[in-house]
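S.K.: Let me begin by handing over the structure; questions about it come next.
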Amino acid sequence: GALLVSERIDREELCGALSPCSLSFEIVVENPLELYSGAVEIQDINDNDPVFPSSQARLEISESVAAGARFPLESAQDPDVGINSLQTYQLSANPHFALDVQTRVDGSKYAELVLEKELDREEQRELHLILTALDGGSPPRSAQVQIHIDVVDANDNAPVFNQSTYKASVRENTPSGTLVVRISAYDLDDGPNGDIIYSFSSHTPAKVRELFALDSATGELRVKGQLDYEEMKLYEIYLQAKDKGAVPGVAHCKVLVEVVDVNDNTPEVTVTSVYSPVPEDAVPGTVIALLSVTDLDSHDNGMILVQVSDVNDNAPKVSQDSYDVYVLENNAPGIPILNVTATDPDLGRNAHLSYTLLQGHLIVGHLFSISHDNGTLYLLTSLDHEDQVEFNIMVQVQDGGSPPLATNVSVSVFVTDLNDNAPMVLYPHSNTTATYTDVVAPGTPAGHMVTKVVAVDADAGYNAWISYTLLQATDPSLFSVRLHSGEIITARQLREDDPPQHTLVILLKDHGEPVLSTSVTVSVSVAEMVKEVLTDLTDMAPANDPRRHVTFYLILAVILVSAAFFISMVSVGIFKCYKWRQSKELLNSSRSTQYRTPGPFHHIDAVRGGFMPPNFYHQVYLTTDSRQSDLLCKKPFTSSPLGSRQSTMRNGEPGMYHQIVGTASRLPTPAE
């Protein structure tokens with residue numbers, strides 16, 4: 001007899017808004033047969049949300065509506081009943097509207113918007129509010145609708161100019177249609193209430209309307225007639241702006257137009273008084289006429305001007321008298337290295353300047369060029385610091401006058417050094433077929449100098465500093481090389497069991513950037529007797545040396561030159577003595593009472609006379625049975641820097657001595 005629910009019960013579907021909601025039924029009981037009537041009441045639960053007819057609502061409200069106006073809103077629907085039905089509404093916070101919730105006779109709720117603060121379209125064109133409907137369930141269910149309010153414009157704003165007074169100036173010969181000024185006004189209203197029309201004020205003179213035209217839509221004021229400075233120098237024009245509202249708002253502004261004078265009037269000369277005829281004996285300064293000159297134009301346009309023609313009386317002026325330019329060697333050809341600037345206070349042709357190079361030396365024209373118009377100095381070829389360090393150039397700046405005036409500017413171009421030369425070995429020679437072997441005896445103590453590597457670097461300064469290091473050796477513990485002098489010394493005492501032959505590879509590096517280097521090989525023999533070394537040298541010597549005869553001819557040439565020089569000196573001395581005797585006899589014959597005997601012929605006299613260079617001597621080192629010799633010429637020992645050693649290798653300069661060093665087929669004995 002249990003009564004069961006056979007399917008899901010929906011109260012809103014069965015009864016709708018009817019309350020209470022009940023279902024009637026009958027039950028038949030058999031044996032004995034009986035009939036019972038019954039009813040089931042369906043109770044409501046909060047299983048439905050409130051629902052608005054649409055998700056958005058739009059209202060149009062004029063900004064002229066007064067506070068207190070009410071605007072009904074669409075209601076939400078909730079199929080639940082009782083406490084679960086729609087109970088209230090809520091409105092999002094805003095400064096203009098409040099919400100008033102009313103109850104109908106049937107108990108349903110509806111809401112109205114109440115205007116609490118007047119709207120201003122110019123301040124805010126639209127508002128966005130959110131209306132929320134709530135039922136009485138626990139927890140309550142809700143629904144929302146967005147309310148979009150458009151604020152409708154009312155003509156409550158008059159046009160406003162962006163400035164009350166406009167100023168402009170035009171020349172009196174300005175053609176018709178030229179823009180003078182553009183005025184601008186704005187109206188905060190919308191639609192026709194904000195459309196602006198520009199016009200002349202009612203009290204504007206007719207003459208102004210004839211000379212100027214105003215565009216009613218754009219506010220452009222343009223020249224219409226012919227202006228004349230001599231007739232009117234300043235125009236004061238009043239303009240107005242109106243909107244298109246039913247009751248239009250009006251704004252006013254003022255435009256001041258200044259007429260600028262142009263030189264459109266010729267001077268008028270009036271002779272006010274003439275003293276005529278003029279007597280022939282009238283003294284200078286006698287007044288013969290009074291003239292008056294008038295010009296209707298103003299300021300400078302009304303002056304009588306006397307033009308002063310220019311004379312080429314100013315030479316070009318340079319910013320500085322000399323320039324020092326530093327150029328890295330190995331430069332790219334055609335680069336600009338200097339811009340010589342000059343000015344000329346003259347006018348026209350007299351101030352037109354041209355730049356040229358004075359060809360003091362033919363090499364200048366091949367290496368440098370200058371722009372004729374702007375004075376830019378170009379380098380035509382690549383320079384080499386080792387070839388020439390400095391160039392002196394003279395630039396001439398000339399104007400175009402007649403006759404032209406010119407100014408000279410000296411330019412010194414210094415070629416700065418780059419590390420582009422590796423060290424060059426002078427001794428031992430690396431380009432000969434002969435092998436140089438230095439000998440050291442067994443038992444030689446440590447620190448003994450065996451030989452010395454001599455090298456030079458064609459670069460200058462820090463790039464020419466050479467350092468010497470031992471790169472490779474037969475016995476690295478036996479020899480070492482001094483870092484800066486290139487002296488090869490024994491690192492320890494030589495022993496009997498040391499190898500008899502040693503090959504040393506010396507690395508020479510400069511201090512440039514990047515570092516350049518070269519190497520030289522030195523042979524050292526460890527021998528007790530000279531005979532052993534001579535045997536080795538004989539074995540190592542080439543069978544057929546094409547240079548062995550050259551040494552003989554070089555020695556012979558030196559001897560012949562020395563003999564010729566000696567004979568020349570003797571001849572010059574005899575000739576000087578002969579001249580001196582002649583002058584003495586002539587002096588004795590002309591002076592009978594007083595004479596002076598000249599002193600002896602001193603060496604200083606020969607030097608001053610140019611017959612014998614100072615410090616000139618020959619120093620010859622030869623060994624017995626020399627098979628090969630090399631000639632080495634040097635200047636006197638000076639304190640020249642290491643980077644300038646290459647300059648000492650030039651022959652034929654004063655102050656040189658010749659040193660002949662030969663390599664022998666045998667070494668001299670200690671006795672020799």
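The values are calculated or read from the model by the stated rules, or taken from the named source; none is laboratory data. In this text the structure is predicted, and so the values were computed from the model without any measurement. Note that we place each Cβ from the backbone using ideal geometry, even for glycine, and neighbour counts take in every protein chain shown. Note: accessible area is taken over every heavy atom of the protein model, side chains too, but ligands, DNA and RNA are not part of it. Shrake-Rupley method; radii C 1.70, N 1.55, O 1.52, S 1.80 Å.
S.K.: Which of the residues belonging to region 130-158 are under 30 Å from ASP187 (Cα atoms) and basic (Lys, Arg)?
M.R.: none
S.K.: Now for a separate question. So which of VAL389, VAL395 is open to solvent by less than 20 Å² (accessible area, probe 1.4 Å) and closer than 26 Å to PRO333 by Cα? Step through it out loud before you land on a result.
M.R.: Details: VAL389 fails: open to solvent by less than 20 Å² (accessible area, probe 1.4 Å).
After ruling out the rest, the residue left standing is VAL395.
S.K.: Taking region 322-372, which residues are open to solvent by less than 80 Å² (accessible area, probe 1.4 Å) and hydroxyl-bearing (Ser, Thr, Tyr)?
M.R.: Of everything in region 322-372, those that are open to solvent by less than 80 Å² (accessible area, probe 1.4 Å) and hydroxyl-bearing (Ser, Thr, Tyr) turn out to be SER322, TYR323, THR341, SER354, TYR355, THR356, SER369, SER371.
S.K.: Of all residues in region 80-98, which are at pLDDT 90 or above and assigned to a loop (DSSP other than H, G, I, E, B)?
M.R.: Selection gives SER92, ALA93, ASN94, PRO95, HIS96.
S.K.: On the given criteria, is GLU123 open to solvent by 90 Å² or more (accessible area, probe 1.4 Å), within 30 Å of ASN193 (Cβ to Cβ), at pLDDT below 90 and among the acidic types (Asp, Glu)?
M.R.: In short, yes.
S.K.: Sticking with this one: Given the residues SER22, SER108, SER92, which is the only one that is outside the structural domain of ILE147 (by the TED database), open to solvent by 30 Å² or more (accessible area, probe 1.4 Å) and hydroxyl-bearing (Ser, Thr, Tyr)?
M.R.: SER22
S.K.: How do the strands (runs of 3 or more DSSP E) wholly within region 239-307 filter down when requiring 1 or more residues that are in contact with a Pro (Cβ under 6 Å, 6 or more places away or on another chain) and surrounded by 14 or more Cβ atoms within 10 Å (Cβ to Cβ): which remain?
M.R.: Qualifying strands (runs of 3 or more DSSP E): 250-260.
S.K.: Any residue at all in region 455-470 that's more than 21 Å from LEU426 (Cβ to Cβ), of a type in the set (S, T, N, Q) and open to solvent by 30 Å² or more (accessible area, probe 1.4 Å)?
M.R.: no
S.K.: What number of residues within region 189-219 are surrounded by fewer than 19 Cβ atoms within 10 Å (Cβ to Cβ) and part of a loop (DSSP other than H, G, I, E, B)?
M.R.: Summing the residues that are surrounded by fewer than 19 Cβ atoms within 10 Å (Cβ to Cβ) and part of a loop (DSSP other than H, G, I, E, B) in region 189-219 gives 11.
S.K.: Restricting to region 440-449, and then to whatever is surrounded by fewer than 19 Cβ atoms within 10 Å (Cβ to Cβ) and in contact (Cβ under 8 Å) with a residue 60 or more places away in the chain, can you tell me which residue is farthest from VAL520 (Cα to Cα)?
M.R.: PRO442
S.K.: Something else about it: Would you mind listing the strands (runs of 3 or more DSSP E) fully within region 135-188 where at least 2 residues are under 48 Å from the mean Cα position of the chain (by Cα)?
M.R.: Result: 165-171, 179-182.
S.K.: I've got another one for you. Tally time: how many residues in region 48-78 are open to solvent by less than 60 Å² (accessible area, probe 1.4 Å), farther than 16 Å from LEU119 by Cβ and either part of a loop (DSSP other than H, G, I, E, B) or modelled with pLDDT under 90 (or both)?
M.R.: Total satisfying the criteria: 8.
S.K.: Just one of GLU513, GLU585, GLU528 is modelled with pLDDT under 85, within 30 Å of TYR468 (Cα to Cα) and open to solvent by 70 Å² or more (accessible area, probe 1.4 Å); which is it?
M.R.: So the residue among GLU513, GLU585, GLU528 that is modelled with pLDDT under 85, within 30 Å of TYR468 (Cα to Cα) and open to solvent by 70 Å² or more (accessible area, probe 1.4 Å) is GLU528.
S.K.: Does VAL114 satisfy the criteria of being open to solvent by less than 60 Å² (accessible area, probe 1.4 Å) and part of a loop (DSSP other than H, G, I, E, B)?
M.R.: No; evaluated as a whole, the condition is false for this residue.
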